[in-house]
There are 2 protein chains.
Amino acid sequence: MTQLNDLVQILGPANVITGADADSYVEDWRGRYRGQALAVARPGNTQEVAQVVKWCAANKVPIVPQGGNTGLCGAATPDSSGTALVLSLARLNRIRGIDTDNDTMEVEAGCILQQVQQAARDAQRLFPLSLAAEGSCTIGGNLATNAGGTQVLRYGNARELVLGLEVVTPEGDIWHGLRGLRKDNTGYDLRDLYIGSEGTLGIITAATLKLYPLPVAQCTALVALNSVEDAVALLSMARRGFAASLTGFELIAGFCLHLVNRQYPQQRLPFEGDSAAMPWYALLEISDSESAEHARERFEAIVGEAFEAGLVADAVIAENIAQSKALWHLRESIPLAEKDAGKSIKHDVSVPVSRMSSFIEATNAALQARFPGIEHVIFGHLGDGNLHYNVARGQAFTEDELLSNQDAVYEIVHDNVHKLGGSISAEHGVGQLKRDVLPRYKDPVEMALMRRIKQALDPQGLMNPGKVLGPTGKP
Amino acid sequence: MTQLNDLVQILGPANVITGADADSYVEDWRGRYRGQALAVARPGNTQEVAQVVKWCAANKVPIVPQGGNTGLCGAATPDSSGTALVLSLARLNRIRGIDTDNDTMEVEAGCILQQVQQAARDAQRLFPLSLAAEGSCTIGGNLATNAGGTQVLRYGNARELVLGLEVVTPEGDIWHGLRGLRKDNTGYDLRDLYIGSEGTLGIITAATLKLYPLPVAQCTALVALNSVEDAVALLSMARRGFAASLTGFELIAGFCLHLVNRQYPQQRLPFEGDSAAMPWYALLEISDSESAEHARERFEAIVGEAFEAGLVADAVIAENIAQSKALWHLRESIPLAEKDAGKSIKHDVSVPVSRMSSFIEATNAALQARFPGIEHVIFGHLGDGNLHYNVARGQAFTEDELLSNQDAVYEIVHDNVHKLGGSISAEHGVGQLKRDVLPRYKDPVEMALMRRIKQALDPQGLMNPGKVLGPTGKP
């Protein structure tokens, strides 16, 4: 395509990809979204990103920024028109520097999350963002979607881990906002506007990240519970007793652990008898700045208190790192066991922690009323009010029957979330997947403000069109 | 004024104030800014705020939102034209609710910060925002300026303590964004855009705030140090050793403590001999979730380590709450002692912690070169990289001579801040005070983006004109 000659001039022929070579860039990793692209551009530094964007702006070519292509909502996949340029940040993968006195690191958008974590660890620091895709997702994508993960309870979402950004605007200008400051009150918070905007307002090319001290020890416990109410009360007790040492509090329905046990018999539950048949479990993790002994002592004190208060039916406290890992492995195996058992309908929702029990009760009931015999696969980050509330076919339906009712299931779940002041996308974002239902749940004033911001910062509507707002990307 | 009849209709005559009664609303508390107002409107709830704003929008009347009128940069004071309406949020002062299971509280903008802290404490929770004006500043003002304070090191700025907002837009629409969710990825982050925008994009009328467990014990230590480098190394050690228990780390120049001692001889330094004559001191505070004994033990362990490493020349660890308070009182008395000694030129700046020593050295030298004999009054929140770097006349100048050089002093200090990647307003905001110098230090791309957002959200330019951006408030 002669149109692409300019891009080849800027990036060299190896970094402008078309045809079959572009295949892996135009489909999301789960194969749910597939589009077409004019080409895939792979700039090698921020200047090249800016040049490519300037060219797109001048030629009215839409841009789909892409990191590790591990998103769950189709935000990094182009539409089917074939007019958009996929702009891959993969080659911007340098750790630019680590400042241990300031507890910050400067990284480029294309760095793999695991690479960022490791670089921090090599400097005796913790970069706490951690999620299932960490071996292939990029920090740029994590920031564009404000990723969550397992340590949000203590360290916050991706947003809370960023001090500064470098961004290429839709005109191809570079905003040099890589500040390593914990306090800076000199105007509007552009940083947090770009974070979570899914590439629709500009392209994050680098970030200054916060680092934390490495914990001296971590310890994990699994407790058996009679109810979600008890889990919520235990969370309160744990927050008070452990304060910021509490780095994980995962709620797991008994059904999920049995599913893991059924699919992977070698993974045994650490409970027997009644304790192995409880409706709910919680996995607690603490990170200690003193010692492994201190961590265990603290666990014994607080879990003991919970026993006395009648909140906990049984508990296992890991005696060593291997046992801690085995407990976490149970939790992490739920999505795999779920997948092996057949396709399910997934939700990534949040509600206030205080309404978690009402939410589960009402939503389970509403789904059973409409689809008797359907199964509820419920687990998530209770400490953040974030549930992965999934729906499986059970014995009552075939996979096809289940999936043909996907929209009805979504609506029942999301309507219940909305009624309780919750969010229909807690940590995965909007992308294409939830774009069209967003106005059903979002305050119209908020939608209008979002459209105005989109119009102000991307008046040509070229940045990731059809994502978040839509359907054309035009406000 | 017949023009005000509509407002009187909406709010009642008692809540539309003109003439001499409006006096305290048109001048800032330090008497540095004085303006004139068409009137002062005191709506009693969000609906009334919206009605007043709609009236202003229809009649092109500029609006100056005002909380406790305790700001330091003139953001709540109208200009001298007399055309603007001061909109006081003081009557929106209800705590709407506290949800202890969700660890959140919903408060109206006009609540006094101390009232918010107390309501949290009554529910056995901590709302950690704490600053000198807490007895009279309002939470709405704290959010509009993204206030900092003494606990930022552990809990973050005001921004980090907010989950949701209710905002009246410049058109008088109400954005119902009072979400109590720790995870919500459904679009652009409007919350953080309004926070810190100093009333130039809309009016915050209520907020959902994060609560934390109350610490079981707090303990304070004062240490004597040879250099800022040693203070930075001690901060690293303390962050690692105490992790999130470290809730305060204040750097204090020896000169400041002697100033306190000179002005208030009853406040004695807890050191004698060489230790009382060190160039630097640091005040450390830890908050413990176990016990006072544990807090002291931890202090002894970490301060002991610092002694061994040669970082600390001497140390006093408080033995009880009274001693902790006495140590904090020394720190808190610095601004008062400074004021008693005469007017000084104040700066609220931040630099990366790793550059703190270079900053102080270079700036002291540059000021001495230009104004020999001038005095440096340096203290601040080292943990956040935030210094109150103040300049006093000493014996070398009269007060008038000093103040007549204010702009030159500002420029020397701010230029040095800028060179080291710092911020000219760490926690006080921009307001009128720093509006005109902002473009000197801020990336032009960032300034342009800010203007576009202002234009998009306040196209009539009626919201707090001449603050942050200016001089007319028009982009």
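What follows is calculated from the coordinates using simple rules that are stated; it is not laboratory data. This structure is a prediction, so every number in the text was calculated from the model and none was measured. All Cβ positions, glycine included, derive from the backbone under ideal geometry; neighbour counts span all protein chains shown.
Here are the numbers for the structure shown:
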{"item": "The protein assembly as shown: radius of gyration over Cα atoms, expressed as a fraction of 2.2 N^0.38 Å", "result": "0.95"}
{"item": "The range B:400-418-the range A:321-374 distance, computed between alpha-carbon centres (Å)", "result": "60"}
{"item": "Cα gyration tensor shape of the range B:133-199, rounded if a/c is under 1.5, else prolate or oblate by comparing a/b with b/c", "result": "oblate"}
{"item": "Candidate aspartates and glutamates - alpha carbon under 17 Å from B:K54, same-chain residues fewer than 8 apart omitted", "result": "B:D6, B:E166, B:E171, B:D173, B:D458"}
{"item": "Around B:A306: net Lys/Arg minus Asp/Glu count, Cβ-Cβ under 14 Å", "result": "-3"}
{"item": "At q = 0.12, 0.14, 0.20 Å⁻¹, base-10 log of I(q)/I(0) for the range A:1-103 (Debye sum, equal scatterers on each alpha carbon)", "result": "-0.41, -0.54, -0.97"}
{"item": "Fewest-first sequence of A:I204, A:I252, B:I95, A:I286 by Cβ atoms within 10 Å of each Cβ", "result": "B:I95, A:I252, A:I286, A:I204"}
{"item": "Two-site FRET efficiency, A:T18 against A:R94, from Cβ-Cβ distance with R₀ of 35 Å, rounded to 0.05", "result": "0.85"}
{"item": "Separation of alpha-carbon centers, the range A:8-87 and the range A:113-184, rounded to whole Å", "result": "22"}
{"item": "Estimated 222 nm signal from helices in chain B, with DSSP H stretches of n ≥ 4 weighted -39500 (n - 2.57), rounded to 500", "result": "-10000 deg cm²/dmol"}
{"item": "Qualifying trypsin sites (Lys or Arg not before Pro) in the range B:1-95, DSSP loop, other Cβ atoms within 10 Å at most 10", "result": "B:R30, B:K60"}
{"item": "Computed E for A:Q114/A:E332 - FRET, C-beta separation, R0 22 angstrom, nearest 0.05", "result": "0.90"}
{"item": "Cα-based reach from A:K467 at 17 Å (exclusive), listing lysines while leaving out same-chain residues under 8 positions away", "result": "A:K434, A:K442, A:K454"}
{"item": "Chain B, relative contact order in percent, only Cα pairs under 8 angstrom and at least six apart counted", "result": "15"}
{"item": "For B:G429, distant residues with modelled amide H under 5 Å away", "result": "A:N185"}
{"item": "Angstrom value of the Kirkwood radius, inverse mean 1/r, which spans all Cα pairs in the range B:95-213", "result": "14.1"}
{"item": "Pair A:Q455, B:Q3: separation of 7 Å Cα→Cβ label points (nm)", "result": "2.9"}
{"item": "Per-residue Cβ neighbour rank within 10 angstrom, fewest leading, B:S227, B:S130, A:S197", "result": "B:S227, B:S130, A:S197"}
{"item": "DSSP H segments from chain A that extend 15 Å or more along their own axis, Cα-based, with Kyte-Doolittle mean of -1.0 or above", "result": "A:46-59, A:228-242, A:292-308, A:321-332, A:356-370, A:406-419, A:444-457"}
